[in-house]
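Encoded as structure tokens, the structure appears first; notes follow it.
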Amino acid sequence: MVEKTVQRDRFNWWLPIYGAVGGFVLFLPFVISGVWDIVEVLYFLVVVPIISLILLVVSIRRKSISVLSMLAAYCAVSLILMKSSYDLRTAGRWILWSKVYKSQLLAQPNPAKGELRHMEWDGWGFPGAGDTYVYLVFDPSDSLAAAAKSHSPAKLSGIPCEVPKVRRLESHWYSVVLYTDTNWGECIPGS
């Protein structure tokens, strides 16, 4: 009888590891999926609360610190992933489907004089808040490299308006985020 009590009170280090790995495995498909903003909100408003409630009930019923630590690890990993979800989404999509995106963009006709070759690549928005567009840009001269390193808004040659964020995906390939409710076709040159 005493052995069972001692065995039950032992801390199981594998449970927090399972919680952390589980958070990553559950969240990654949500991030890389096609409807990022809606799916991410559903993950944090539905999936996280349900899993948290289940783990909390199990930890209380079993009086288990191990299960409670699993809950803490799961929530911590989910929070960290949420904060870096845009970067994870961009990297994941580029790693998985860059060949498809490159062929689609390079198959387009040459852009207007002085404009960089581009296509709508990503975006998000919410009713009333506006839409944000992200473009995949091919820059044969890598002139966007400095903007990608500076991480500050800039008016760049080959893009018709100021952009808040440029990210280098690989040599000559960039993702360019435009300001909310601005898209490439509606941007007024010089703005």
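Listed values, structure above:
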item: Tally of residues being charged (D, E, K, R) and surrounded by 15 or more Cβ atoms within 10 Å (Cβ to Cβ) across the range 137-169; result: 5
item: Residues of the range 1-27 satisfying the condition of being at pLDDT below 85, surrounded by fewer than 15 Cβ atoms within 10 Å (Cβ to Cβ) and either within 16 Å of LEU79 (Cα to Cα) or basic (Lys, Arg) (or both); result: LYS4, ARG8, ARG10
item: Of residues in the range 122-136 being without any contact (Cβ under 8 Å) to a residue 60 or more places away in the chain and either more than 17 Å from GLU186 (Cβ to Cβ) or in contact with a Cys (Cβ under 7 Å, 6 or more places away or on another chain) (or both), the one surrounded by the most Cβ atoms within 10 Å (Cβ to Cβ); result: LEU136
item: Total residues in the range 83-121, condition closer than 13 Å to VAL176 by Cβ and either among the aromatic types (Phe, Trp, Tyr) or in contact (Cβ under 8 Å) with a residue 60 or more places away in the chain (or both); result: 4
item: Residue pairs meeting the criteria (Cβ under 8 Å; at least 6 apart or on separate chains; first assigned by TED's automatic domain parsing to the domain that holds VAL48, in the range 11-32; second crowded, with 19+ Cβ neighbours inside 10 Å and of a type in the set (Asp, Glu)); result: PHE30/GLU40; VAL31/GLU40
item: Criterion (free of Cβ contacts under 8 Å to residues at least 12 places away in the same chain and either within 15 Å of PHE24 (Cα to Cα) or among the basic types (Lys, Arg) (or both)) met by exactly one of LEU79, LEU53; result: LEU79
item: Candidate set: the range 48-95, residues that are of a type in the set (Val, Ile, Thr) and more than 30 Å from LYS165 (Cβ to Cβ); chosen: the one surrounded by the most Cβ atoms within 10 Å (Cβ to Cβ); result: VAL67
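The values are calculated or read from the model by the stated rules, or taken from the named source; none is laboratory data. Values in this document were obtained by computation on a predicted structure and should not be read as measured data. Methodologically, a virtual Cβ is constructed for each residue, glycine included, from the backbone with ideal geometry; neighbour enumeration extends over all protein chains shown.
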